[in-house]
Structures are given as C-alpha cells and as structure tokens.
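Read through the structure below, which is laid out as structure tokens, and then see the notes.
The values are calculated or read from the model by the stated rules, or taken from the named source; none is laboratory data. Being a predicted model, the structure only gives us computed values, none of them experimental. Heads up, the Cβs are rebuilt from the backbone with ideal geometry, glycines too, and the neighbour counts pull from every protein chain shown.
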Amino acid sequence: LCVLDKYKKELHIHDIFAFDLDTCRGEYTGLVGSNYGYNKEKIIAELVVKYGALPFMGFGDSSSDEPLILTARHGFLISNKLSDNLFPQATFISRTASEADVEAILQSFL
C-alpha cells in the first residue's frame with residue numbers, strides 16, 4: 001500500500017482499496033483495521049460508475065481476488081511461486097518481493 005501511495009500522482013490513481021493496518025499510538029499492532037475484501041464485485045461496479053472506466057490495477061493473493069485481478073487493466077497475483085499463478089494473464093509478484101522490486105514494476109507504467 002505504501003508503495004502504491006507513492007505513485008498515486010504519477011499513475012493517476014484516485015482510490016486505493018486495501019487493508020488498513022491497525023495502529024495504536026503510531027505503532028502497528030499486527031492487526032487489520034479494516035478489510036475491503038468483501039463485495040469486491042460491488043466495489044468494482046461502483047468504481048466503474050464513478051470513473052467511467054475499469055480499475056487500472058488490481059492486486060490479489062487468492063482465488064477470491066479473481067474479480068480484482070481479471071477486471072483491472074493490469075492484474076497482479078502475489079504468491080509464493082510462479083507455478084501457483086491461478087491467473088496466467090496476471091503479472092506475478094513474489095510474496096518475498098521487496099519494496100524496491102514492486103517499485104520497479106510500477107515504474108514500468110510511467
């Protein structure tokens with residue numbers, strides 16, 4: 001999320017839907033504050049109405065993220081290994097990828 005937030009302006013990203021990390025006194029608690037993981041199809045439909053276009057990017061790590069990955073112009077599957085890629089048309093990102101690795105991928109869209 002932090003990496004995407006850095007590129008919001010350059011990639012013309014208006015909204016990011018992701019886990020909100022729970023913090024207490026500025027420290028990460030290890031918990032999720034809120035989760036947009038439910039009703040993904042509904043969120044996508046609302047975004048299409050709001051912006052008149054499909055989502056630019058969709059990231060996911062399981063088959064429940066299929067609506068995000070397949071509907072977005074650029075879908076990304078975050079997984080342990082390439083052979084786990086449930087969506088061959090998606091760009092694979094390893095769970096062990098560093099922030100710099102993800103930044104390199106985002107740079108390719110600039």
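The residue that is surrounded by the most Cβ atoms within 10 Å (Cβ to Cβ), counting only those in segment 71-89 that are outside any strand (DSSP E or B) and modelled with pLDDT of 90 or more, is 72. Taking segment 11-26 as the range and being modelled with pLDDT under 75 and charged (D, E, K, R) as the test, the residues that pass are 20, 22.
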